[in-house]
1. Can you confirm whether residue 97 is within 19 Å of residue 164 (Cα to Cα) and surrounded by fewer than 23 Cβ atoms within 10 Å (Cβ to Cβ)?
2. If you check residue 132 against the conditions, is it surrounded by 14 or more Cβ atoms within 10 Å (Cβ to Cβ) and modelled with pLDDT of 95 or more?
3. For the range 83-96, check the following and say yes or no: at least one residue is among the polar types (S, T, N, Q), modelled with pLDDT under 95 and more than 12 Å from the chain's Cα centre (by Cα).
4. Out of 78, 57, I need the residue that is crowded, with 16+ Cβ neighbours inside 10 Å, within 18 Å of residue 34 (Cα to Cα), acidic (Asp, Glu) and under 15 Å from the mean Cα position of the chain (by Cα). Which one?
5. Can you find even one residue in the range 44-61 that is closer than 25 Å to residue 155 by Cβ and without any contact (Cβ under 8 Å) to a residue 12 or more places away in the chain?
6. Just to be sure I understand, how many residues within the range 119-146 are closer than 20 Å to residue 32 by Cα and either out of contact with any helix residue (DSSP H, G or I) (no Cβ under 7 Å at 6 or more places or on another chain) or aliphatic (A, V, I, L, M) (or both)?
7. Report yes if residue 1 is surrounded by fewer than 16 Cβ atoms within 10 Å (Cβ to Cβ) and hydrophobic (A, V, I, L, M, F, W, C), otherwise no.
8. Taking only the range 1-30 into account, find how many residues are in a helix (DSSP H, G or I) and within 24 Å of residue 122 (Cα to Cα).
Amino acid sequence: MDDSARTARDFAIELHDGQIDKFGKDYSAHVIHVGQMLADYGWEYEAVGYLHDVVEDCGVSLQEIEDRFGETVRNGVDAVSRRRGEDYEQDYLPRVLQNELALLAKYADCRDNFGKIHLLHDPEQAARDKKKFGTMLRKLEGLRPELTRWGPPPRLVYADGLWVEDA
């Protein structure tokens with residue numbers, strides 16, 4: 001792992017410390033998994049994967065992201081970060097689609113979330129999440145057909161503090 005990617009991962013873990021996801025697991029496991037899915041694309045993609053939720057969930061400024069990781073990572077994190085009150089389809093999604101790092105981070109994020117649907121106990125929530133994340137995956141694959149090479153999202157399980165593919 002590149003030192004800059006490792007620094008981004010460690011920074012994200014520190015910022016998300018104490019946060020728990022809807023499955024009762026350490027939220028850092030989610031951002032680690034998203035970052036790891038992007039490692040083959042280069043350290044900046046991987047960094048945006050690790051940092052994709054820090055502006056929304058941890059109150060980190062984009063300026064701090066830029067100061068630590070540079071303008072390219074800052075722009076990727078900015079593009080993938082939702083703003084309060086913005087429309088998902090009209091505002092958020094077009095911004096994500098205009099930035100390559102954000103687009104791949106969003107794709108990895110959706111794959112991670114889709115892979116956990118089988119763990120939801122509420123069938124209505126599971127149906128909503130399946131529709132939401134499935135629609136986004138298909139939309140991104142429609143815009144970038146090469147993403148289909150990733151294959152279908154795997155079922156994920158939580159093991160040793162990380163989200164991993166179910167064997």
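1. Answer is no for this residue.
2. no
3. yes
4. Going through 78, 57 in turn, the sole match is 78.
5. No, every residue in the range 44-61 fails to be closer than 25 Å to residue 155 by Cβ and without any contact (Cβ under 8 Å) to a residue 12 or more places away in the chain.
6. 2
7. Yes: the conditions hold for residue 1.
8. 3
The values are calculated or read from the model by the stated rules, or taken from the named source; none is laboratory data. The structure presented is a predicted model; accordingly, all values stated were derived computationally and were not measured. Don't worry about glycine lacking a Cβ; one is built from the backbone with ideal geometry, like all the others, and counts go over all protein chains shown.
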